[in-house]
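Student: Pasting a structure here, questions to come.
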């Protein structure tokens, strides 16, 4: 009678062989890379930017101010200075603001989704880039309450989050 050969990963009894195999696979995955990379500030496409006019064509007031603040914070977090007179200039047009109903309870809306769409124009020393119909990449929702003041405060916070998400998407598109 001939003995069957054990597979290479079956080392003795128990799960030691499987553990070694999983460690090898995990190491290979980590060494192959996941797309994440660290960039030096000198490798960025520009080191400073001027944020120009942000036009709000939606019916929701103050969105242009919220987008300006979110863009400034996001650029600064990524090592890009925001200052007037910079060679690179960004302008924006907020086209759409929509609160879609996500859920209802007893014929009363209790949860909304905020959706924002904007066009961006970036003017460099040697050209211009247009980014049309950029929208919020994540679902930003808010839950309604019976008190109107709580609903309005929650809506303000959700709008701020949507603007931060939109700014993060724009800056990521520009520098990566």
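Student: State whether one or more residues within segment 71-86 are closer than 17 Å to residue 170 by Cβ, touching a helix residue (DSSP H, G or I) at 6+ places or on another chain (Cβ under 6 Å) and part of a strand (DSSP E or B).
Tutor: yes
Student: Just checking, does segment 102-113 include any residue being part of a helix (DSSP H, G or I) and more than 18 Å from residue 69 (Cα to Cα)? Quick ask: steps written out before the conclusion?
Tutor: Let us first name the residues in segment 102-113 that are part of a helix (DSSP H, G or I), namely none.
No, because not a single residue in segment 102-113 is part of a helix (DSSP H, G or I) and more than 18 Å from residue 69 (Cα to Cα).
Student: Return the total of residues in segment 107-135 being over 22 Å from residue 51 (Cα atoms) and within 15 Å of the chain's Cα centre (by Cα). If you could, list the steps in order and put the result at the bottom.
Tutor: Step one: of segment 107-135, the residues over 22 Å from residue 51 (Cα atoms) are 107-115.
Applying the additional criterion that residues be within 15 Å of the chain's Cα centre (by Cα) yields 114-115.
Of the residues in segment 107-135, 2 are over 22 Å from residue 51 (Cα atoms) and within 15 Å of the chain's Cα centre (by Cα).
Student: Would you tally the residues in segment 142-154 being surrounded by fewer than 12 Cβ atoms within 10 Å (Cβ to Cβ) and not in a helix (DSSP H, G or I)?
Tutor: Final tally of qualifying residues: 2.
Student: Given the conditions (1) touching a residue at least 12 places away in the same chain (Cβ under 8 Å); (2) assigned to a helix (DSSP H, G or I); (3) under 30 Å from residue 48 (Cβ atoms), and given that residue 158 satisfies all but one, which numbered condition is not satisfied?
Tutor: The failed condition is (3).
Student: Also: Show the residue pairs meeting these rules: Cβ distance below 8 Å; 6+ apart or different chains; first residue within segment 6-30 and on the phi > 0 side of the Ramachandran plot and outside any helix (DSSP H, G or I); second residue modelled with pLDDT of 60 or more and surrounded by fewer than 10 Cβ atoms within 10 Å (Cβ to Cβ).
Tutor: If the second residue must be modelled with pLDDT of 60 or more and surrounded by fewer than 10 Cβ atoms within 10 Å (Cβ to Cβ), no pairs are left.
Student: Need the failing condition index for residue 132 against (1) surrounded by 12 or more Cβ atoms within 10 Å (Cβ to Cβ); (2) assigned to a strand (DSSP E or B); (3) in contact (Cβ under 8 Å) with a residue 12 or more places away in the chain, just the number.
Tutor: Just one mismatch for residue 132, condition (1).
Student: Got a sec? Which of 44, 102, 59, 63 is surrounded by 17 or more Cβ atoms within 10 Å (Cβ to Cβ) and either in contact with a helix residue (DSSP H, G or I) (Cβ under 8 Å, 6 or more places away or on another chain) or closer than 26 Å to residue 158 by Cα (or both)?
Tutor: Values: 44 fails: surrounded by 17 or more Cβ atoms within 10 Å (Cβ to Cβ); 102 fails: surrounded by 17 or more Cβ atoms within 10 Å (Cβ to Cβ); 59 fails: surrounded by 17 or more Cβ atoms within 10 Å (Cβ to Cβ).
One residue alone meets the criteria, 63.
Student: If a residue has to be in contact with a strand residue (DSSP E or B) (Cβ under 8 Å, 6 or more places away or on another chain) and either more than 16 Å from residue 139 (Cα to Cα) or buried (at least 16 other Cβ atoms within 10 Å of the Cβ) (or both) to count, how many in segment 155-176 make the cut?
Tutor: Quick first cut of segment 155-176, residues in contact with a strand residue (DSSP E or B) (Cβ under 8 Å, 6 or more places away or on another chain) only: 155, 157-159, 161-163, 165-166, 169-170, 173-174.
Subset that is either more than 16 Å from residue 139 (Cα to Cα) or buried (at least 16 other Cβ atoms within 10 Å of the Cβ) (or both): 155, 158-159, 161-163, 165-166, 169-170, 173-174.
Of the residues in segment 155-176, 12 are in contact with a strand residue (DSSP E or B) (Cβ under 8 Å, 6 or more places away or on another chain) and either more than 16 Å from residue 139 (Cα to Cα) or buried (at least 16 other Cβ atoms within 10 Å of the Cβ) (or both).
Student: Please verify whether residue 112 is at pLDDT below 90 and surrounded by 15 or more Cβ atoms within 10 Å (Cβ to Cβ), treating the condition exactly as stated. Walk me through it before giving the result.
Tutor: On the way: at pLDDT below 90: yes; surrounded by 15 or more Cβ atoms within 10 Å (Cβ to Cβ): yes.
Yes.
Student: Look at residue 139 and say whether it is at pLDDT below 95 and crowded, with 17+ Cβ neighbours inside 10 Å. Can you show your working first?
Tutor: Details: at pLDDT below 95: yes; crowded, with 17+ Cβ neighbours inside 10 Å: no.
The answer is no for residue 139.
The values are calculated or read from the model by the stated rules, or taken from the named source; none is laboratory data. What you see is a predicted model; the values in this text were computed from it and never measured. Glycine also receives a Cβ, built like all others from the backbone with ideal geometry; neighbour counts cover every protein chain displayed.
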